[in-house]
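For reference, the structure is listed below as structure tokens.
FYI, it's all coordinate maths here, none of it is from the lab. For clarity, every value in this text was computed on a predicted model and none was experimentally measured. Reconstructed Cβ throughout: ideal geometry from the backbone, glycine too, with neighbour counts over all protein chains shown.
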2 protein chains.
Amino acid sequence: MTVQTTTRSDEKYLARAIDIATQNVKEQGGPFGALIVTADGQEFAGVNRVTANLDPTAHAEVSAIRAACTGVGSFDLSGAVLYTSCEPCPMCLASSLWARLDRIVFAANRDDAARAGFDDAAFYRFFDEPQVRDSMLPVAAVPLDDQTRTAPFIEWGITANRIEY
Amino acid sequence: MTVQTTTRSDEKYLARAIDIATQNVKEQGGPFGALIVTADGQEFAGVNRVTANLDPTAHAEVSAIRAACTGVGSFDLSGAVLYTSCEPCPMCLASSLWARLDRIVFAANRDDAARAGFDDAAFYRFFDEPQVRDSMLPVAAVPLDDQTRTAPFIEWGITANRIEY
């Protein structure tokens, strides 16, 4: 990771994300908090509710993205910044890409998370070291002819009122 | 990706996932469908609702994971298999890791998705080519002292009734 420049307001928002994370532990959530600030200054918080909501995807960052999208009425958060109490895991990074966030600022790092008992560091290895992937989560293609394999895309292509993203 | 062995029942479930994807296009959803089959044979479908629900994380695989977790009453899907109409994007792969899925079987690949206009292939580059990351989504740490940076983990450590995952 390259060192990026951060600002005083970045530090202010990040302190808020850390406070949100600490408060969430007191409310039976995981020790993670996030804050999305849109280009026009709207703020949307998210907390980790994996165990509380029985949802392994309910990381603070994903929760903040979903809240912000609902709040602004769009699946596209271009121009927004994500502040998160801890370095985002690959799921949260990829969710941020799909949400078209402008940038991410974080506090604790993946090693801090590992010391607290979370698997972020292990899951980074899945993406960084292709040779470990099969032992962690085998992913297999079933060979199918073009027509069968791409049937949903063919239907998509002939759908006049499709909403692209 | 190594070639994995798949079975006749894999092919049956995968055909279902493809049908679910095609049907979803007819219901104003994206051309993606998924099916999770638990170790004891329960089935949970998921479809892409990104534009319909204004949720960039509502990929078919994530939707299926959420539905399966709600259905079985756990944030842990160990023993379950994910069948998906298209090769999962990095968000869906990492979500599957967090959900502790046993394995994934898919039909269409990332190039098929790219030809249909979806950014999965571009987002794989974010993980596969570190040199492109900053231009796609800058991720920056604010340097903070240990106590400030890890405050949520400190609170977590002193919380007696914490639920680990």
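The number of residues in the stretch B:51-75 being of a type outside the set (Phe, Trp, Tyr) and in contact with a helix residue (DSSP H, G or I) (Cβ under 8 Å, 6 or more places away or on another chain) comes to 10. Quick check on the stretch A:109-116. Is at least one of its residues under 30 Å from B:GLU27 (Cα atoms) and not acidic (Asp, Glu)? Checking the stretch A:109-116: not a single residue is under 30 Å from B:GLU27 (Cα atoms) and not acidic (Asp, Glu). Does B:PHE106 count as under 17 Å from the mean Cα position of the chain (by Cα), at the interface with chain A (Cβ under 7 Å from one of its Cβ atoms) and farther than 26 Å from A:LEU54 by Cβ? Judged against the criteria, B:PHE106 is not a match. Contact map, the stretch B:128-156: residues that are touching a residue at least 60 places away in the same chain (Cβ under 8 Å) paired with residues that are part of a loop (DSSP other than H, G, I, E, B) and among the basic types (Lys, Arg), Cβ distance under 8 Å, separation 6+ or inter-chain. No pairs are found.
Selection of the stretch A:121-149 for residues being more than 18 Å from the chain's Cα centre (by Cα), part of a helix (DSSP H, G or I) and not acidic (Asp, Glu) yields A:PRO130, A:GLN131, A:VAL132, A:ARG133, A:SER135, A:MET136, A:GLN147, A:THR148, A:ARG149.
Confirm whether B:ALA113 is at the interface with chain A (Cβ under 8 Å from one of its Cβ atoms), of a type outside the set (D, E, K, R), assigned to a helix (DSSP H, G or I) and under 19 Å from A:ALA151 (Cα atoms). Criteria met by B:ALA113.
When you check B:ARG49 against the structure, is it more than 7 Å from chain A (Cβ to nearest Cβ) and more than 20 Å from A:MET91 (Cα to Cα), yes or no? Answer is no for this residue.
The listed residues are B:ARG66, B:ARG103, and the only one of them that is free of Cβ contacts under 8 Å to residues at least 60 places away in the same chain and among the charged types (D, E, K, R) turns out to be B:ARG66. Only a single criterion out of (1) under 20 Å from B:TYR165 (Cβ atoms); (2) in a helix (DSSP H, G or I); (3) more than 7 Å from chain B (Cβ to nearest Cβ); (4) hydrophobic (A, V, I, L, M, F, W, C) is not satisfied by A:PHE118, namely (2). Looking only at residues that are in contact with a Leu (Cβ under 8 Å, 6 or more places away or on another chain) and aliphatic (A, V, I, L, M) in the stretch A:15-45, which one is nearest to A:PHE118 (Cα to Cα)? Checking each candidate, the answer is A:ALA34. Counting only residues that are of a type in the set (S, T, N, Q), surrounded by fewer than 24 Cβ atoms within 10 Å (Cβ to Cβ) and within 12 Å of A:GLU155 (Cβ to Cβ), which one in the stretch B:6-27 is farthest from the other protein chains (Cβ to nearest Cβ)? By that ranking, first place goes to B:GLN23. If I filter the stretch B:52-97 down to residues being at the interface with chain A (Cβ under 7 Å from one of its Cβ atoms), under 16 Å from B:VAL37 (Cα atoms) and not hydroxyl-bearing (Ser, Thr, Tyr), which single residue comes out as surrounded by the fewest Cβ atoms within 10 Å (Cβ to Cβ)? Result: B:GLY73.
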